[in-house]
Structures are given as C-alpha cells and as structure tokens.
C-alpha cells in the first residue's frame, strides 16, 4: 500500500440523507470522494482528465436550517425565561448556547448548494461541498489542475503517432484516446513478475 | 445540451464557464456550471472485433481478434483498449488489476477500507454503558487495536488515535477484570 497522506482536504459535509459523513479530497490527478460509514470508508475517484462538467446549484437548505435553528433557539430561551427553578434555567441556557453556536455557524456558512460531477460514465451527485462558498473555492482550486490535465491529454492525442514509442511513466492516454502505441514495459518495480494465470475471456 | 437541474430548461453557452454564479433564465436558481474539454471529446469506436487486423500488428492477449494497443506494465502482455486499465499513468491488464485489488497493493484502486480503528474504538467505549460486557469487549478491543495497528487506516487518514484509545481503554478494562479475578481468587484461597 502506498503512503496515504497524499490527499489534501477540500470539503466535508454531514448530510441528513444519507446519514453519513462525506468528504472530498484532492489527489495528484483526481478528486477522491469519500463516504465515511460507521465501519467502512468507501471511495470514488474522479480523474481530472475524465471530468466533463461540474455543476453547482444553490439550494434553500441552509436558509431553512437557519430558520429552524432560530425557532429552536427562541423556544429554548422562552423555556429559560418561564422556568422558575434555577437548575432548569441553567439547563435551558446551556441548551440555548448550543443552538446559538449552531445557528451562528449555519448562518456564517452562507448559501447551501448541490453539486454534480459529470464524467463519460455518468453524472454523480457529490454531497461534499455543502455551501456555495466552499464550492466556489473548490472550483477555483481544481480549475487549473483540470485544465492542465486535459490540455496535456489533448496535446498528446494530437501529436500521437502510431510508430512512436511512449514511455510508461509518461502522461497516460485516456480511454478516449485511441492513438495509443505499443510500449515496452520498463518498470522493474512491479512486485510480481511472473505471469498471472490467464483469466476467462472478457466478453 | 446542458439543462438546469431544477427546472430542466436548456441553458445557453453564455451561462456556462462563468466566473461567478449566474441565474437560470426559467427558474432563477443561481448556479455555476463548468464545462471542460473532455465533454467535447468523442469516443472512437473504429476498431471493433471485425476490424481488419493488420498482419504486422500484435493481437490482444485476451481478445485475439483485436489489435494490441499497449503492453501491461505488470505481466508484459499485449492488451487492447478494452482490456487496458490506466492506473497512475501505467497500463495494466484486468488480471494484474485483480491481483492488486486482492492484495490491496495500490492505493489507486482501493474502493473501500474497513475501519478497524472505528470498530475497535466503539468496542472499547460503547460497552462501558453495559459494563459487564467489557469482560469480553475489553480484550477484544485491545487485541483488535494491536492486530490492525500496521494496516492502513484509510486513504485520507494517517493518524491512529482511535486505535490507540481502543488499546488503552481495552487494556485498562482487561487489567481491571484481571485484578478483580485475582482479588476474588485470593479471597477464596484465604
């Protein structure tokens, strides 16, 4: 297993549905979308060279959430005012502080959003950038990486000739690129050199 | 054609690749849509199974009727575009990818990680509310924490605080139960 610290954090979210923490990480040549389950992390990779479209739409979720929290806070404060016992007042005040902190955090986060990522395979809802501000920052951050990945791929496609040799460590042709050529395997770092058993023929 | 996710109306090209967000002309929802060059690329399917196989060109190991396009970096076999799997700028055949997946050798193809650190942590902490259960779960959490210490926790997490806490709490629980057993046995023997 390679070193695991090569991903840089982009954004996270804890959506109500599905009740599962999700996060988005920036890799060398891809985005890693991670769903953190109770006992398992599931990954999905979006390679920059395959990204066709990223859509971010503003949603009213943050507005509703902030309104709901304000309502809760008002109820808690009312409870603190009408309760006669000091212990209950302290309890309601502490609960109110919790809701107030949550409310401020929700309001300061800005507008919520829904994000979709489209590749040749399909379009996927990515729940990690939950707020417009986060999504805009993420787009700014990955824009040059995507452009560089797709530009280098396009240049390679245009200049690719069937009679030239391409080293294996060079930028890889994408599945869309059919001008690939035969290359010689020159990497000895592969741990098992013996030939694996021949699997069943693919359809 | 790009359409609005909310109302489904088609969006003109002036509304995509903008610096900030723009509004849908039909439903007025603010959005940002970035379209990248890969969207305009087309898949070439000119090399079907019946395509004329050139005499001087090698065939795919798995599909003899198709011309080979790359060489697998794992086993060195000629493979066609159908069989090729691109991993970290290297080309592999499906058999080598399967081997890597089974051995979890490459972080590039790991699809999921079982979070043994979380399991061990919950095993150490949750039974504290039903404390007699710690007779079993304490040692289990400690053993699990030690057993999986060297395994990668996750692709995006490097630290092992949960495993450390599981080992510590599970160890304390085990120690507590052992002490209790020793005290009881000592009392019986007296």
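The values are calculated or read from the model by the stated rules, or taken from the named source; none is laboratory data. Treat the numbers as computed from the prediction; the structure is a model and nothing was measured. FYI the Cβ positions are ideal-geometry reconstructions off the backbone, even for glycines, and counts take in every protein chain you see.
Kindly provide the set of residues from the range A:116-155 that are surrounded by fewer than 16 Cβ atoms within 10 Å (Cβ to Cβ) and assigned to a loop (DSSP other than H, G, I, E, B), ordered by number.
Once the filter is applied, which keeps residues that are surrounded by fewer than 16 Cβ atoms within 10 Å (Cβ to Cβ) and assigned to a loop (DSSP other than H, G, I, E, B), the range A:116-155 yields A:120, A:121, A:122.
Given the conditions (1) part of a strand (DSSP E or B); (2) more than 8 Å from every other protein chain (Cβ to nearest Cβ), and given that residue B:91 satisfies all but one, which numbered condition is not satisfied?
Residue B:91 satisfies every listed condition except (2).
Yes or no: the range A:158-179 includes at least one residue that is facing another protein chain (nearest Cβ under 10 Å), modelled with pLDDT under 75 and in a helix (DSSP H, G or I).
At the first step, the residues of the range A:158-179 found to be facing another protein chain (nearest Cβ under 10 Å) are A:162, A:166-179.
With the extra rule that they be modelled with pLDDT under 75, the set shrinks to A:162, A:166-179.
Add one more test, that the residue is in a helix (DSSP H, G or I), and what stays is none.
Within the range A:158-179, none of the residues are facing another protein chain (nearest Cβ under 10 Å), modelled with pLDDT under 75 and in a helix (DSSP H, G or I).
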